[in-house]
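This report refers to the structure that appears directly beneath it.
A short reminder: the numbers here are calculations on the coordinates, not readings from a lab. Worth saying up front: this structure is predicted, and the values here are computed from it rather than measured. Reconstructed Cβ throughout: ideal geometry from the backbone, glycine too, with neighbour counts over all protein chains shown.
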């Protein structure tokens, strides 16, 4: 079984560009490229203020429910529709949540791996 994992962490622009250059070079040389999905934040503070505990609660509930309307998700969580709608908007923007052809939202990932390197958090 192929597990779809989203990797989230703190990554500098230089690190991201270096990773892209390596993949480009390997692909140009005909090497097999391993699939990778990731979101990089400039700082640990940015990551933690964007991916709040309420948003992780929403992601977890949505993964368990499957594709649903934002209204149904808000009702399930006992949260204000407007707040859930705003959170879903941000998660859609980041690619953590997607919409199906009927406009229902869902989590396409089997795992979300979040890494917070401590030396970068102190900076």
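Please give the FRET efficiency for residue 31 paired with residue 82, using the beta carbon to beta carbon distance and R0 = 30 Å, rounded to the nearest 0.05.
Working from the Cβ atoms, E equals 0.05.
Given the options 62, 94, 73, which has the most mean-square fluctuation in a GNM of the chain, springs set between C-alpha atoms less than 10 angstrom apart? Checking each option, the largest mean-square fluctuation is seen for 94. Helix 13-28 and the longest principal axis of the C-alpha atoms of the chain enclose an angle of approximately 70°. Entry note, the chain: relative contact order of 38 percent, from Cα contacts under 8 Å with a spacing of 6+ residues.
GNM on the chain, alpha-carbon springs under 10 angstrom: the most fluctuating residue among 75, 34, 102 is 34. Angle of helix 81-94 to the longest C-alpha principal axis of the chain, folded into 0 to 90 degrees and rounded to 10: 20°.
Computed from the mean reciprocal separation of all distinct C-alpha pairs, what Kirkwood hydrodynamic radius does the chain have, in Å? List each step's numbers first, then the result.
Numbers: mean 1/r = 0.0620 Å⁻¹.
That comes to 16.1 Å for the chain.
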